[in-house]
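One structure is given here, and the rest of the page talks about it.
Read-outs: derived from the displayed coordinates by stated rules, not from any lab. Just so it is clear, the model here is predicted, and its values are computed rather than measured. A quick note on method: Cβ atoms are made from the backbone with ideal geometry, for glycine too, and the neighbour counts reach across all protein chains shown.
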Amino acid sequence: MEPVMTFELSVEFKDRFQQALDEQDASFIKSTLDGVNPADISALLDEFDAEECKYVFDLLTPEVGASILEDLEEDVREDFIKEFSAPDLAAFVELMDSDDGTDILYEMEVADRNEVIRQISDEEKASNLMELLEYDEDVAGGLMAKELIKANLNWSISQCIEEIRLQAENVQKIYSVYVVDDKENLLGKVGVKNLILGKSGAKVADIYDDQIISVETSTSEEEVASIMQKYDLEAVPVVNARGRLVGRITIDDVIDVIRENAEEERQLMTGVSSDVEEDDTVWKISRARLPWLIIGMAGGLVGAQFMGFFREEIIIVPALAFFIPLITASGGNVGIQSSSIVVQSLANPNVFADSMWKRLLKVFFVAIVNGAILSLMVFGAVILFMREQPLAATVSIALFAVVLLASFMGTITPLILNRFGVNPALASGPFITTTNDLLGLAVYFSTAHLLYNL
């Protein structure tokens, strides 16, 4: 077996590769990519347009091309597959696991998708793809692959091993052999090691493990990812509503789900309302960012109105204006910290089941400690540099109250949103920052109004 080469995708290499594409230097392209891992080639082709990618594909073997197609970024791949005819795509899909082939078909128009399936010569592969396309993309049925190794409960070990040899031709990675009865109901699993070490004449029924974790086809992809993380599974079998084994989900698919969910939450927490990439159009990126920017602008206008209510206090004590950024920034930072921790905790569905009040109380005490330390530091700084005790008291008391309030808002808002089925990541970023800015200004000027007897 030839060693797989790796290369560093540098600007210089990209420029040289671009030159080879412009000149259609097939010799350079083939020699450069020979033995390179398909994942590295995918990363390279992500930098070029669909027509150029098609030229490179025509120089590679179908097996390498199929692996590259699996790894291409989704937005690049959607444009890229339009360059191929239905027979070409069918040839690639036949070389993929059924779940990866389904991902390709999901990205096509229905008519084009059906034409590709008609071009697939392997009847079993075509049937598997059509079955998987019936499920939504975000449930276990849409995530699973049909390729797996299964054994009947009544088989002998030698018969089971022989069947593994036959079935393994279509399965790239064997994690477990799933045990079923005559009706294809999932009963358990048996490790390959146990099969090899099993006594001659023994049956699968004698060595299989009936303690097995499975998911139904309707299970959400987030729950599948949570189950596999919790129980440290490399693969999980999928059963239908009647308990019959219909597929399996492997760890590589779950990693993709975890990564996509993390990116989505990160974008929501930073005020980007939809999935965007760096190379998307200006309008698409602007449209994704604009809603939260408008909310932030509206919050700023309301904040200005708040300050207008207290303009007499600012006229009488101009130094109050100096500490407005301190109050708003502190409230926003505390709120984002609190909400981010809660959003992360909510990834575990059982985190708040029995100890929500205990956790809220802990958050409250943390806010007291942090607020007290920050308030004392601000009080000392104002006394030291400005020597105005009423101002120092106003800023420190207001800051303490803002830290407590922002911590409470940052904790409770994600919980409320989660309770009503709204993504709690929306509570972070611009939403919490804007809300706490307004509350912070109200608390600050109200404290000043009371302490200065204005």
One would report the antiparallel percent of DSSP beta bridges in the chain, rounded to the nearest 5, as 70 percent
Theoretical FRET efficiency, 1/(1+(r/R0)^6), r = Cβ-Cβ of S156 and E234, R0 30 Å, to 0.05
0.65
Computed over the chain, the convex hull of the Cα set has an average projected area, in nm², of 30.2 nm²
How big is Rg to Rh over the range 41-116, alpha-carbon atoms, Rh as the Kirkwood inverse-mean-distance radius?
0.91
Under 5 Å between amide hydrogens, which residues at least 5 positions from G247 or on another chain qualify, with H placed 1.01 Å from N in the peptide plane?
V238
Which of the pairs K125/K203; K150/K193; K189/K230; K125/K150; K146/K189; K146/K173 have their Cα atoms more than 22 Å apart in this structure?
K125/K203
For the range 11-143, just the Cα atoms, rotate onto the principal axes and tell me the three extents in Å, largest first.
45, 28, 26
Give me the lysines in straight-line cross-link reach of K14: C-alpha distance below 17 Å, same-chain residues under 8 apart excluded.
K30, K54
At q = 0.11, 0.12, 0.13, 0.19 Å⁻¹, base-10 log of I(q)/I(0) for the range 282-451 (Debye sum, equal scatterers on each alpha carbon):
-0.52, -0.61, -0.69, -1.17
Amide H of L187: which non-local residues (sequence gap of 5 or more, or other chain) have their own amide H closer than 5 Å, using H built in the peptide plane?
V179, V180, D181
Take the Cα atoms of the range 78-237, build their convex hull, and give its volume per residue in Å³.
122 Å³
Where in the range 308-340 does the label zone of H449 land, with the point 7 angstrom along Cα→C-beta and an amide N cut-off under 12 Å?
308-314
Under a Cβ-only charge scheme (Lys and Arg +1, Asp and Glu -1), can you give me the dipole magnitude of the range 282-451 about the Cα centre, in debye to the nearest 20?
520 debye
Treat the count of other C-beta atoms within 10 Å as a stand-in for reagent exposure and order S200, S340 from fewest to most.
S200, S340
At most 10 other C-beta atoms within 10 Å and a DSSP loop state: those are the exposed GluC sites (Glu not before Pro) I care about. Give me the longest piece of the chain that has none.
279-454
Compute the helix-to-body angle for 157-167: its Cα long axis versus the longest principal axis of the chain, expressed 0 to 90° and rounded to tens.
80 degrees
Fewest to most Cβ atoms within 10 Å: L384, L417 sort as L384, L417
Any residue on another chain or 5+ positions along whose placed amide H is under 5 Å from the amide H of K150 is listed here as Y178
Nearest 10, in degrees from 0 to 90: the angle of helix 62-71 to the longest Cα principal axis of the chain is 20 degrees
For S42, S407, what ranking results if the residue with the fewest other Cβ atoms within 10 Å of its Cβ goes first?
S42, S407
Crossing angle, helix 324-345 versus the chain [Cα axis fit, 0-90 degrees, rounded to tens]
30 degrees
